[in-house]
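What follows is a short report on a single structure.
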Amino acid sequence: MQDRIRNADMFNRLMSAEQAAGLIKPGMTVAMSGFTGAGYPKAVPQALAARMEAAASAGDPFRIKVLTGASTAPELDGALAKVNGMELRLPYQSDPALRERINNGEIDYIDMHLSHVAQHTWSGFFGNIDVAVIEVAGVLEDGRLIPSSSVGNNKTWLEQADKVILEVNRFQPAGLEGMHDIYYGTALPPDRKPIPLIRPDDRIGEPYLRVDPAKIVAVVATDAPDRNSPFSAPDEASQRIAGHLLDFFTNEIKQGRLTKKLLPLQSGVGNIANAVLAALSESGYEDLTAYTEVIQDGMLELIRKGVLKMASATSFSLSAAGMKEFNNNLDFYRTRILLRPQEISNHPELIRRLGCIAMNGMIEADIYGNVNSTHIAGSKVMNGIGGSGDFARNGWLSIFMSPSTAKAGSISGIVPMVSHVDHTEHDTMVIVTEQGLADLRGLAPKQRAQLIIDRCTHPDYRPMLQDYFDRAKRESYGKHTPHLLNEALSWHQRFIETGSMHHYPVGALSGGT
Ligand code: 0RQ
């Protein structure tokens, strides 16, 4: 470990995960590293969960407040959720056990824009940060830290926490050193200055995290991989969505609104995002850039093929195969990937300046273009808004993508009124489903509605939606954005009561699904 912990003083603070977890007390606010299953602490949270379980069985509940960068993994969110060890969690999450606790009402969850977390912390909205638990790839001789596979909010956690526990993970490639760009110029108003980033590949900071050595109360050695979720090949619906999007880009180039270099890409994670990246890779594009949150397998492939010149993000989210590819070609990728704090990767000023093309998944959209990214039937949270709002509000193009139906056709992805609003009609420029693409720019509400019904709705639901819209246009209280308020959310209620949004058995209207 001495090669990873080059500072003798820090080396002397090595202890077991159990000892380190012993420094965390019930009721504390603990800020942890981690973003989309990368760079999260792997040993201390599990040791803490064991203590919590023992405390709970002795009739002495032990719960803490947990702040992270974004989603983590079973070793952190899963372990703490299983023992009911969290009273509060923020921001993004995607763990099944945690989601269940949140939706059972057992954990308070604050779902917020990822770019806001740092400044809300500086302003004290989450109270005092007692402890930060941060995974790093190493410690330099002078005590600065080599960040791990994600940066997330680590700069803020290290600055704001009273005490710091470091997990030095030998599994993280030593070659990560130098890939990070930590910007130390952010401030609160009225002292803010322009952030001097003009191009996605600009370096504006330094490759290491600073920390006051006096705060470090424990150093724990680990040797374990990130979550490395498996990568599944894009399904047919995703490929069709990608096809519509690529046609749209071709037309934008023809219209002179984009060039063949497009604009910096932001892409969410998952099946559709991967299909879009795969389609880009086969469509003759080159010298593209990405200014995004997460680097997934598809982006590595684009970089490898020269389609993507470089990618700026705050985190990796790679499968085991993607991780292997990255490790085997680290020298190649190191000069083409930059990892930044999430307040910079997701900064509205920079996203607006760069003119990002924001491509994100959604749960549902309504006929006017309002988008729900987070809640099933208005009340059950899925993951969280993540960075989708940072990018959708400020991007040059804000695109939302989803299959037109979910759960074997029993749910329509296009509904009369969304049951929860994450992105308003004013933030949504393009909606794409496997049925087609609706370009909403320049359209008034009723024009948007007709286009979304025509282009994006599944044939099983199109007549129902057209019927709703036609009646709304006749009977609505106001005729600007026609709605039948006693019916607008009836599709969701029908789903809750019958398991389907449809009036009829699925397929009855169109003769097929
Ligand atoms: O559930 O797995 O149980 O079948 O939602 O849906 O179609 O696999 O698509 O993985 O892209 O997720 C919006 C959740 C889409 C995601 C969301 C069910 C569906 C399935 C997943 P099952 P798909 P995706 C970058 C930007 C917000 C954060 C964001 C997300 C599951 O994209 O979390 O954009 N976005 N961040 O069956 C009921 C509906 C449904 C539905 C889908 N209408 N009703 N269930 N599902 N639509 C990353 C970060 O910011 C960190």
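The values are calculated or read from the model by the stated rules, or taken from the named source; none is laboratory data. Keep in mind that this is a model prediction, so the values were computed, not measured. Here Cβ is always computed from backbone atoms with ideal geometry, including for glycine, and neighbour counts include all displayed protein chains. With ligands, DNA and RNA removed, areas are computed over all heavy atoms of the protein, side chains included. Shrake-Rupley method; radii C 1.70, N 1.55, O 1.52, S 1.80 Å.
Below, the figures for the structure above:
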{"read-out": "Residue match in the range 257-270 (condition: in contact with a helix residue (DSSP H, G or I) (Cβ under 7 Å, 6 or more places away or on another chain) and among the basic types (K, R))", "value": "yes"}
{"read-out": "Any chance M429 is closer than 23 Å to Q239 by Cβ, surrounded by 19 or more Cβ atoms within 10 Å (Cβ to Cβ) and either more than 9 Å from the ligand (Cβ to nearest atom) or charged (D, E, K, R) (or both)", "value": "yes"}
{"read-out": "Test result for A81, closer than 23 Å to S315 by Cβ, without any contact (Cβ under 8 Å) to a residue 40 or more places away in the chain, open to solvent by less than 10 Å² (accessible area, probe 1.4 Å) and among the small types (G, A, S)", "value": "yes"}
{"read-out": "Of all residues in the range 303-325 being over 16 Å from A273 (Cβ atoms) and free of Cβ contacts under 8 Å to residues at least 60 places away in the same chain, the one that is most open to solvent (accessible area, probe 1.4 Å)", "value": "K324"}
{"read-out": "Elements of type helices (runs of 4 or more DSSP H) contained in the range 395-513, each with 3 or more residues being touching a Leu at 6+ places or on another chain (Cβ under 7 Å)", "value": "445-456, 462-475"}
{"read-out": "Tally, over the range 48-78, of residues that are under 26 Å from E159 (Cβ atoms), assigned to a helix (DSSP H, G or I) and open to solvent by 10 Å² or more (accessible area, probe 1.4 Å)", "value": "1"}
{"read-out": "Residue that is farthest from I367 (Cα to Cα), among those in the range 391-415 that are within 8 Å of the ligand (Cβ to nearest atom) and of a type in the set (G, A, S)", "value": "A406"}
{"read-out": "Count of residues meeting criterion [of a type in the set (F, W, Y) and near the ligand (Cβ under 10 Å from one of its atoms)] in the range 264-293", "value": "0"}
{"read-out": "Hits in the range 112-136 - residues which are assigned to a helix (DSSP H, G or I) and either among the polar types (S, T, N, Q) or surrounded by fewer than 23 Cβ atoms within 10 Å (Cβ to Cβ) (or both)", "value": "S115, H116, Q119, H120, T121, W122"}
{"read-out": "Enumeration of residues in the range 376-390 that are touching a strand residue (DSSP E or B) at 6+ places or on another chain (Cβ under 7 Å) and within 9 Å of the ligand (Cβ to nearest atom)", "value": "M382, S388, G389"}
{"read-out": "Criterion violated by Y109 - all others in (1) within 16 Å of the ligand (Cβ to nearest atom); (2) under 30 Å from A187 (Cβ atoms); (3) surrounded by fewer than 16 Cβ atoms within 10 Å (Cβ to Cβ) satisfied", "value": "(3)"}
